[in-house]
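See structure below.
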Amino acid sequence: MIKKRISMIVEYFVLILSSAIALFPIFWTFTSATNKSIDVLAGRVLPGAKLFENLHNLLKAANVGQAMLNSSKYSILTTLGSVLICSIAGYAFEVYYTRAKNMLFNVLLLSMMIPFAATMIPLYTLFGKLDLLNTTLGFALPSLSTALLIFLFRQCAQSFPKSIIESARIDGASEIRIFFEFFMPINRHTFAAGITVAFMNNWNNYLWPLIIMQTPTSRTMPQLIANLTSGYVTDYGMLMLAVSISILPTLVVFLILQKNFIEGITGAVR
């Protein structure tokens, strides 16, 4: 009994310590947003009284509202499109039989090893010829289909009962109806996980928006934050406030979908 209690105490201590280490950078970012630049550089951890001064300087230095609106619009549209397309692809890879599907899927997984920098110039050239620069479609297209999400949904489809599909087909249900009325509701946890991953990736995307969105009014939050560090003198209090504002949407999405995210990931890789 004593050994069990000691084991439990050690376990909780390790979990609390790990959580504190993981959460400290976020805590320090939020507290730094309330301090002066010199205090941030000095490593001050406690909250200060310069929040409104930093906010005033930030609103004066950059169009935060426009950047938040752009990031929200691009991220939401791209996330919804990528989850829909990748879920259909992952479902089709598992449900429909073709001799070449495993080979094609392996090629798809190998594409994850190719860094984006290797395809950046060809993509820019192609999108320039298609007149898609500075457009929402140009921003979204490279992220609409990702190997990671397709893999996630294929793993999910592997555990989906095939008897449901066969029964629905016997009853005369179309393939589209089977997908939207049976597969999606039953696997809502995996869809929540896919939405979380896709939204975070799209919101934090910096390199492609920097290339494709070339006007000041189309800047996203990562671009705005990068511009705040491009001067001769950086106001770190103002910079940390901008980072804190940028963190909030992804933090809210994760907290809302946290339970579904965990169940979706564990269920897909089971």
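Rule-based calculations on the coordinates, nothing more; no lab input. Just so you know, these numbers come straight off a predicted model, no measurement behind them. Every residue, glycine among them, receives a Cβ derived from its backbone with ideal geometry; neighbour counts consider all protein chains shown.
Couple of notes before you dig in:
- With both labels modelled 7 Å from their Cα along Cα-to-Cβ, the Asp131 to Ile114 distance reads 2.8 nm.
- Nearest-0.05 FRET efficiency for Ile211 and Leu59, computed from C-beta distance (R0 25 Å): 0.40
- Contact order normalised by residue count of the chain, Cα under 8 Å, 6+ apart, percent: 32 percent
- When the inverse distances between all different Cα atoms of the stretch 58-115 are averaged and flipped, the Kirkwood radius reads 14.6 angstrom.
- Three-way shape call for the chain based on the alpha-carbon gyration tensor, with the a/c threshold at 1.5: oblate
- Summarising the label geometry, the points placed 7 Å from Cα in the beta-carbon direction at Asn102 and Ile85 lie 2.8 nm from one another.
- Max mean-square fluctuation residue, GNM over the chain, Cα-Cα springs under 10 Å, options Ile85, Ile178, Ile76: Ile178
- Between Gly65, Gly43, Gly90, the Gaussian network model of the chain with springs among Cα atoms under 10 angstrom shows the greatest mean-square fluctuation at Gly43.
- With the charge dipole of the chain set up from +1 on Lys and Arg Cβ and -1 on Asp and Glu Cβ about the Cα centre, the Cα lying farthest toward the positive end among the listed residues Ser7, Phe52, Val253 is that of Ser7.
- Among 45-52, 213-220, 146-153, the order from most to least packed when residues are scored by Cβ within 10 Å on average: 146-153, 213-220, 45-52
- A Gaussian network model of the chain, with springs between Cα atoms under 10 Å, assigns the largest mean-square fluctuation among Lys73, Lys36, Lys101 to Lys101.
- log₁₀ of I(q)/I(0) at q = 0.13, 0.15, 0.18 Å⁻¹ - the stretch 126-270, Debye sum with one point per alpha carbon: -0.78, -0.92, -1.08
- Computed about its Cα centre, the charge dipole of the stretch 55-268 is approximately 120 debye, with only Lys, Arg, Asp and Glu carrying charge at their Cβ.
- By the count of neighbouring beta-carbon atoms within 10 Å, fewest first, Tyr12, Tyr232 end up ordered Tyr232, Tyr12.
- The ranking of Tyr206, Tyr124, Tyr96, Tyr74 by Cβ neighbour count inside 10 Å, starting from the fewest, reads Tyr96, Tyr206, Tyr124, Tyr74.
- ³J(HN,Hα), Karplus 6.51/-1.76/1.60, whole Hz, each residue of the stretch 149-161, x for Gly, Pro: 5, 4, 4, 4, 6, 5, 4, 5, 5, 5, 8, 6, x
- Scattering curve values for the stretch 44-145, log₁₀ I(q)/I(0), Debye with Cα scatterers, q = 0.20, 0.24, 0.25 Å⁻¹: -1.14, -1.27, -1.29
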